[in-house]
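This report refers to the structure that appears directly beneath it.
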Amino acid sequence: MLANQSSSKTKMRVDKWLWAARFFKTRTLAKEAVKGGKVRLEGRRVKASQAVSPGDALSIRQGWDEKEIIVQALNDQRRPAKEARMLFCETEASLARQRSADEIRKAA
């Protein structure tokens, strides 16, 4: 468990979680991505104020890449990347898609 991880919190705003998990450099960028439909919770578009909790499935589109992740933990603070990586896990299907997309880009 992370040192500053909120063990008492069971929910957190999706834009704040995306920022803390280091998917976006600022909360403003995270909020704009959510507003632009680039973030989906359980397959549905959400608002930036939507609450996420451990176990939720998120789909995040960044440029050409789309990641499917499962929220593992919540944290109010932006921590080093090594610690932020413990807040989520990426699905096997998402990892396989990224590998094939990387191979296609390298071949081009």
Boolean, Glu83 is acidic (Asp, Glu), at pLDDT 95 or above and at negative phi = no
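Condition check ((1) without any contact (Cβ under 8 Å) to a residue 12 or more places away in the chain; (2) surrounded by 15 or more Cβ atoms within 10 Å (Cβ to Cβ); (3) part of a helix (DSSP H, G or I)) across all residues:
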{"position": "Gly55", "(1), (2), (3)": "no, no, no"}
{"position": "Leu58", "(1), (2), (3)": "no, yes, no"}
{"position": "Arg61", "(1), (2), (3)": "no, no, no"}
{"position": "Glu66", "(1), (2), (3)": "no, yes, no"}
{"position": "Ala73", "(1), (2), (3)": "no, yes, no"}
{"position": "Glu83", "(1), (2), (3)": "no, yes, yes"}
{"position": "Leu95", "(1), (2), (3)": "yes, no, yes"}
Within segment 41-53, tally of residues that are under 17 Å from Phe24 (Cα atoms) and open to solvent by less than 60 Å² (accessible area, probe 1.4 Å) | 4
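The values are calculated or read from the model by the stated rules, or taken from the named source; none is laboratory data. Note that this is a predicted model, so its numbers are computed, not measured. Don't worry about glycine lacking a Cβ; one is built from the backbone with ideal geometry, like all the others, and counts go over all protein chains shown. The accessibility values were calculated without ligands, DNA or RNA, using every heavy atom of the protein model including side chains. Shrake-Rupley method; radii C 1.70, N 1.55, O 1.52, S 1.80 Å.
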